[in-house]
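Asks: First, the structure itself, so that you have it in front of you.
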Amino acid sequence: MYRPTIGLEVHAELKTQTKMFCDCANSPDETRPNVNICPVCMAHPGTLPVMNREAVKHILRVGHAVDGTLADFSEFDRKSYFYPDIPKGYQISQYINPLVIGGSLAGIDITRVHLEEDTARSIHSDDKSLVDFNRAGIPLMELVTEPVIPDAKTAGKFARELQLLLRTLCASGANLEKGEMRIEANVSVSNTGTSSADYVEVKNINSFRSVERAITFEIERQTALLEKGKRVVKATRGWNEAEQETFHQRFKEGGADYRYFPEPDLPKLFIFEIPEFSRESLRASLPELPSEKRKRLSKDYGLKEEIVELFMQNVELVTFFEKVVSGRTSDFTKLSANYITSDLVALIKEKAGEIFSNADNFIKLMDMIVSNKLSSRGAKDTLAILYKEGGDPETIAKKHGLIQVHDLTTLETVVDTVLKREEKAVLQYKSGKQAALQYLLGKAIKESGGAGNPESLHKLILKKLD
């Protein structure tokens, strides 16, 4: 039986004001080509790089967050290769002495986390290729996992968790669609369950779903080759999103091909001689990490796992939730969580809008549900109007006739109307079909304009039928 072994290499552009080795703006949203460039990042003769302190700190904070070993000593190296998007003919990267070694995230062991400069962006059209150097020299984190990922789903989970961590640390926007986070998968299939030297690196993956699909395809492709007695050739392959398959790009280089040697124009780094890079300073600079927040949300509020995960993906949403439920009962908390993660999230998606920010009005709406002033249906309708137009929830509910009716005389008229109109359902209930009762209740709630108290209507229907 053939089993896969998978490792990931993840590049993420770091959030800094300037590029890695010069003072050109680090502006990933710049649309004008070749405006954020200078003699340093264009590799003009005689220019010298100067290290970006903030970029180094980002990597060390990531290393601390994944419980990696932070280097006492680190240095940069020259990685030689010749592409049009590398103006120097080499990339300043790290090889022997990275900033971080080891660590783990989402149950996956990490080999290393190091810092390098990004390449330029190549643009291909028809019969020509152009190069935009705005991206050349932007600080780039590279994180390499151990080859211990067992399947595509686990790889996708790791990549999503890394994106969440980078955003939590404000180290990177990590938007895959903008190229701020780029994932490469190393896939090897064998009948021993250990990584083969003839692994395949898959590039051009621009979404988490594509990460999973590309790995799945490559596992199936390699397995088919091995079952036919053929050999898997060590190579770099691209992912074709349209065809949902990998394709050959080039044969894989080895470490010797890059001719690494220490970068002579940059100083060596003795990390803990720099006060702001001390372990104490780095630890103090960290916010609540995703793993810690998950545990706290679950423990403090008793939330279900799926609600916790939804909150983990939206900082504004969880901030709003915690403001709403501060100091309230567990029942109020669970009610609020349900309305926020279902009805409010649906409204945000429908309108592609911002999070509803008025916590006081939302609290008032929840209190109206708790006090039976609003039914579930009435609350949904009131929230929709509140989100789109603003205002006071009680005023909205009164204006639109959504305040729950408890008056038995009024509700009895509603029930009589429904039972007279729904003779078939009445007969079905009397013949033993309990589902007919819920049908009649639904019709009664609708007849009341959503304002009839469901419990009172239910009792009246039973009284009339029995």
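Laboratory data are not the source of any read-out in this text; all were calculated from the coordinates shown. Predicted model, so just to flag it, every value in this text is computed and none were measured. Neighbour counts run over all protein chains shown; Cβ positions are idealised from the backbone, glycine included.
Asks: I'd like the Karplus ³J(HN,Hα) series for the stretch 388-399: coefficients 6.51, -1.76, 1.60, θ = phi - 60°, whole numbers in Hz, and an x wherever there's a Gly or Pro.
Replies: 7, 10, x, x, 9, x, 5, 4, 4, 4, 5, 4
Asks: Shifting gears a bit: With angles folded into 0 to 90 degrees, how steeply does helix 359-370 sit against the dominant principal axis of the chain? Use alpha carbons for both and round to 10.
Replies: 40
Asks: Another question about this same structure. From the alpha carbon gyration tensor of the stretch 252-322, can you work out the equivalent ellipsoid semi-axes (sqrt of 5 times each eigenvalue) and give them in Å, largest to smallest?
Replies: Values for the stretch 252-322, descending: 41, 21, 10 Å.
Asks: Still on this structure, I have one more. List the residues, sorted by chain then number, that are 5 or more residues from Thr18 or on another chain and whose placed amide H is less than 5 Å from its amide H.
Replies: Asn26
Asks: Would you mind pulling out the separation of the Cα centroids of the stretch 25-69 and the stretch 79-118, in Å?
Replies: The two parts, judged by their Cα centres, are 13 Å apart.
Asks: Could you run the Karplus curve 6.51 cos²θ - 1.76 cosθ + 1.60 with θ = phi - 60° over the stretch 49-62 and give me ³J(HN,Hα) per residue in whole Hz, x for Gly and Pro?
Replies: x, 10, 5, 7, 5, 5, 5, 4, 5, 4, 5, 5, 5, 4
Asks: In what sequence do His64, His124, His114 fall when counting other Cβ within 10 Å, fewest first?
Replies: Ascending Cβ contact count within 10 Å gives the list His124, His64, His114.
Asks: Which of the chymotrypsin sites (Phe, Trp or Tyr not before Pro) across the stretch 1-81 are loop residues per DSSP, with 13 or fewer other Cβ within 10 Å? Each step should come with its number before you reach the end.
Replies: Values: sites: Tyr2, Phe21, Phe73, Phe76, Tyr81; in loops: Tyr2, Phe21, Phe76, Tyr81.
The qualifying sites are Tyr81.
Asks: Of Ala71, Thr119, Tyr90, which is farthest on the positive side of the dipole of the stretch 63-130, counting Cα position, with +1 on Lys and Arg Cβ, -1 on Asp and Glu Cβ, and the Cα centre as origin?
Replies: The residue sitting most towards the positive pole is Tyr90.
Asks: A further question on this structure: Consider just the alpha-carbon atoms of the stretch 290-399 and return their Rg together with their Dmax, both in angstrom.
Replies: Cα-based Rg and Dmax for the stretch 290-399 come out at 13.6, 45 Å.
Asks: Follow-up. Just the projected area, averaged over all directions, of the convex hull on the alpha carbon atoms of the stretch 128-286: how many nm²?
Replies: Taking the Cα atoms of the stretch 128-286, their convex hull projects to 13.3 nm² on average.
Asks: Let me ask something additional. Hey, what do the phi angles of the stretch 447-454 turn into as Karplus ³J(HN,Hα) couplings, whole Hz, using 6.51/-1.76/1.60 and θ = phi - 60°, x for Gly and Pro?
Replies: Values per residue, Gly and Pro as x: 4, 7, x, x, 9, x, 5, x Hz.
Asks: Still on this structure: When 1/r is averaged over all different Cα pairs and the result inverted, which Kirkwood radius in Å belongs to the stretch 357-466?
Replies: 14.7
Asks: Given +1 on the Cβ of Lys and Arg, -1 on the Cβ of Asp and Glu, and no further charges, what dipole in debye does the chain carry about its Cα centre, rounded to the nearest 20?
Replies: 1380
Asks: May I pose another question? Rank-order 453-466, 326-339 by packing density, defined as the average count of other C-beta atoms within 10 Å over each peptide's residues, highest first.
Replies: On the way: 453-466: 16.6, 326-339: 15.0.
Result, highest mean first: 453-466, 326-339.
Asks: Which angle between 0 and 90 degrees, to the nearest 10, do you get for helix 408-421 versus the longest principal axis of the chain when only C-alpha atoms count?
Replies: 90
Asks: What do you get for the angle between helix 290-301 and the principal long axis of the chain? Use alpha-carbon atoms, 0 to 90 degrees, nearest ten.
Replies: Once rounded, the angle reads 20 degrees.
Asks: I would also like to ask the following. Mean projection of the alpha-carbon convex hull of the chain over all orientations, in nm²?
Replies: Working: hull surface 126.6 nm².
Result: a mean projected hull area of 31.7 nm².
Asks: Provide Rg and Dmax in Å for the stretch 408-465, with only Cα atoms included in the calculation.
Replies: 10.2, 30
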